[in-house]
Each structure stands twice: as C-alpha cells, then as structure tokens.
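The structure under discussion appears below in the form of structure tokens.
The values are calculated or read from the model by the stated rules, or taken from the named source; none is laboratory data. Only a predicted model underlies this, so the values are computations on that prediction, with no experimental measurement involved. Every residue, glycine among them, receives a Cβ derived from its backbone with ideal geometry; neighbour counts consider all protein chains shown.
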Amino acid sequence: MTEEQITDKLVSLYGSEVTTADIKAFCSMNDIHYNTVTRKLQKYKVSKGKWNLEVTQEAVEQIEKTFNAPSAQPALDCVPTPDKTFVPFGSFKDVKKIIQSKQFYPAFITGLSGNGKTFSVQQACAQLGRELIRVNITIETDEDDLIGGFRLVNGETVWHNGPVIEALERGAILLLDEIDLASNKILCLQSVLEGNGIFLKKIGRFVRPSKGFNVFATANTKGKGSDDGRFIGTNVLNEAFLERFPVTFEQSYPSIATENKILEVVASELGVKDPYFCKRLVDWGDIIRKTFYDGGVDEVISTRRLVHILRAYSIFKEKGKALQVCINRFDDETKQSFMELYDKVDATFNIPVDESEQG
C-alpha cells in the first residue's frame, strides 16, 4: 500500500488528525504492520503519538518559525490599574480567593447588568498584581478570534496568538465577558476549560497552561437565554460547555449601605460634596429595584447608572439635568414615572421643565 493510499484511507476514516490508536485500528482492519504505516507517515508526525496528514514536518518547521515571531507584539503588562472608587461587595472575596490560590478553577458570574461583575474580576487582579486578558464575546466571535490565526504582515503570512493562547502562556486570568452572547463556536475552548491546554491544529503545536492560568466568564443570564427580551442576543449555551465551570456566582446589586458607600467614594473623586444627593439616589434606586422584582416596572436602575448620574451632576451642576440625561434611554412613560418618584424621595428636587413646551 502506497503512502498516498494510506493517507487517503486514514483521512476518510479519522480525518486529517490521527493518533496512535487510530493507526493501530487501521492496521488491524487492513492487515498491515504498524511500523510500516508509521514509517510512511514520518513526515506528517507533529508530536508523540500524533500525526497531521495535512501538515508535513517541513511545513511544521516553517510555521514554527513564524509562531515565534507573532504579527503583533503582545502588551508587556496586562495587570489592571487599581481603581480608587472600587468598593468590594458580592462575590468579590470569593473571586479574589480563587485567583489568589493560582489553582485552575473556572468560575461563571451571572447577574443583572451594571452590578460590578466584570469590575470585581478586574480589581481582584489589580489587588493581587495578576495579569488579566479580557475578551468581549459577541455572536461573531470564533476560533480565530480566540485562539489565533495567520495574519498578513509586510507581505508575509505569520502566526498571531489569540487572547486565549496569550493567557495560557502567561499564566494570566482569561475573562470571557458577556459569554452568553456566544454562538456554538465557543466550544473550541472545551479542552482549555478542562485545564488541559489546546492543540493548535493549524501549526501542529500543543500549548499547555502556565501556572496561575484561570478562566472567568460573566453573563447576564445563566446560559439559558433570556425569555423576557431584556437581554436580546443572549443564547442558550451548550450544557457540556457550562458544566466545565465548577462554580457559579450569582451577583446581586449591592446593599443600600454598600451602594451608598460606592456613591460617596465616587462623589469624593469627582469633587461632588453632596452626601444627601448620594443617599437619595440610593433610596430611589432601591425602590425601583423592589418594584421591578415585584413586576411593577419593566426597567431597573443599576449601580452603574447611579454612578452615571453622579458624573453627569459633576459636569452639569444640576440634579434635574443629571437625572434627565441619564434616564432618557428609557421610554417616555418609564422616564416620567422615574422622575416623579425621585421628586417624592428628594425634598430639595424640582422636576425640570421641558423648555420646548414653554410658550
């Protein structure tokens, strides 16, 4: 049996990537010696017990030269900057303990928008001096975006590491943000989520995780999609993919006391000296959330939005203007009810008058 006949039959049976077990099974079916086959496949061998019938050894050697010279130089320092306005709450302590342990222990963090899921992972890494590589997931995210691929640089095709490979080799924390927006192409990370590294089939190279590598994923849902339409674009994630996250943290909005502290810290950084305004904003947000959970309203005020209002106040110097521009994203009925509610909460507040309605 010629080399061409052997490779054609192996590819038809097992695909282009074959292992020792595949070849032994092939030999048994065709009554041919194992050594005879492996001798003819020597140029296709990419590692111990593995052959890629589409990549010859010469091609592997050439590709490895480009692998060591990526098209874009990776950032020298991926450690996040500590944020003075950060106030720990929710799952932060647990997230920090996992990162501090340097054990491979992937974690899934779920919760409503604007409650500090991503921020907590970033600041845990900042406090521990750990590198963080964040990937914002969309429906278009594919293997090339995550793992890497070939790029054209100065007329030459060279291999470029994706963020997953960078995190693996650096022993960094990989943050998959908004993971529930992903398509089934995210399944290319199955072996990575098992802590086993990944085989780069395009260049015939296996990348093992360095000490300290770990994966965190954030999402507004638990990977089961969104029935109420609030998080349009979220998808039902593969059960086998979700099962590879040992723990799931449910992040809620902070308590009244914690949220008030957050706003006071932010206000201090912005030079806003109005603790009464911070307190009233927190009370207002808390009432809206309770009403939302009871089904009374369809929208919610997040901690992030309260911070937006404070920042707007530091710019415009008017409470009414700050609230108005920050809740304009809601429909007219909701916007009006939120404004009227704040008017009841804050005795010093006057609902701004729409100048276009004045004669």
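Return yes or no: is Val307 part of a helix (DSSP H, G or I), of a type in the set (A, V, I, L, M), modelled with pLDDT of 95 or more and more than 28 Å from the chain's Cα centre (by Cα)? So Val307 fails the test.
Among the residues making up the stretch 290-304, those that are surrounded by fewer than 17 Cβ atoms within 10 Å (Cβ to Cβ) and either part of a helix (DSSP H, G or I) or among the basic types (Lys, Arg) (or both) are Lys290, Thr291, Phe292, Tyr293, Arg304. Scanning the stretch 257-291 for residues that are of a type in the set (Phe, Trp, Tyr) and farther than 12 Å from Phe338 by Cα yields Tyr276, Phe277. Residues satisfying the criterion are present in the stretch 256-277 (criterion: under 19 Å from Leu112 (Cβ atoms), surrounded by fewer than 18 Cβ atoms within 10 Å (Cβ to Cβ) and in contact with a Pro (Cβ under 9 Å, 6 or more places away or on another chain)). The residues listed here are Lys273, Lys261, Lys279; of these, the one that is more than 15 Å from Thr334 (Cα to Cα), at pLDDT below 95 and either part of a helix (DSSP H, G or I) or out of contact with any helix residue (DSSP H, G or I) (no Cβ under 6 Å at 6 or more places or on another chain) (or both) is Lys273. If I filter the stretch 262-281 for residues that are within 30 Å of Asn214 (Cβ to Cβ) and out of contact with any Ser or Thr (no Cβ under 8 Å at 6 or more places or on another chain), do I get at least one hit? No, there is no match, as no residue in the stretch 262-281 is within 30 Å of Asn214 (Cβ to Cβ) and out of contact with any Ser or Thr (no Cβ under 8 Å at 6 or more places or on another chain).
For the stretch 210-219, the condition holds for at least one residue, the condition being that it is under 30 Å from Val18 (Cα atoms), modelled with pLDDT of 95 or more, surrounded by fewer than 20 Cβ atoms within 10 Å (Cβ to Cβ) and of a type in the set (D, E, K, R).
For every residue, the table says whether it meets (1) of a type in the set (Val, Ile, Thr); (2) over 18 Å from Pro106 (Cβ atoms).
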site	(1), (2)
Thr118	yes, no
Glu131	no, no
Val135	yes, no
Gly148	no, yes
Thr157	yes, yes
Pro163	no, no
Gly171	no, no
Lys185	no, yes
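Residues of the stretch 281-301 include none that is among the basic types (Lys, Arg) and touching a residue at least 40 places away in the same chain (Cβ under 8 Å). Count of the stretch 203-224 residues, restricted to those that are more than 17 Å from Thr248 (Cα to Cα), outside any loop (DSSP other than H, G, I, E, B) and among the β-branched types (Val, Ile, Thr), is 1.
Going through (1) more than 20 Å from Gly116 (Cβ to Cβ); (2) surrounded by fewer than 19 Cβ atoms within 10 Å (Cβ to Cβ); (3) at pLDDT below 95 one by one, Pro246 falls short only on (3).
Under the condition of being modelled with pLDDT of 95 or more, among the polar types (S, T, N, Q) and surrounded by fewer than 21 Cβ atoms within 10 Å (Cβ to Cβ), the residues counted in the stretch 100-121 number 5.
Is the stretch 183-192 home to any residue that is among the charged types (D, E, K, R), surrounded by 13 or more Cβ atoms within 10 Å (Cβ to Cβ), in contact with a Pro (Cβ under 7 Å, 6 or more places away or on another chain) and under 22 Å from Ile165 (Cα atoms)? No, there is no match, as no residue in the stretch 183-192 is among the charged types (D, E, K, R), surrounded by 13 or more Cβ atoms within 10 Å (Cβ to Cβ), in contact with a Pro (Cβ under 7 Å, 6 or more places away or on another chain) and under 22 Å from Ile165 (Cα atoms). Can you confirm whether the stretch 300-322 contains a residue that is of a type in the set (D, E, K, R) and within 21 Å of Gln251 (Cα to Cα)? Yes, some residue in the stretch 300-322 is of a type in the set (D, E, K, R) and within 21 Å of Gln251 (Cα to Cα).
Please determine whether any residue of the stretch 186-202 is assigned to a loop (DSSP other than H, G, I, E, B), among the basic types (Lys, Arg) and either modelled with pLDDT under 95 or farther than 20 Å from Gly49 by Cβ (or both). Yes, there is a match, as at least one residue in the stretch 186-202 is assigned to a loop (DSSP other than H, G, I, E, B), among the basic types (Lys, Arg) and either modelled with pLDDT under 95 or farther than 20 Å from Gly49 by Cβ (or both). Residues in the stretch 2-48 that are assigned to a loop (DSSP other than H, G, I, E, B) and surrounded by 12 or more Cβ atoms within 10 Å (Cβ to Cβ): Gly15, Ser16, Ile32, Leu41.
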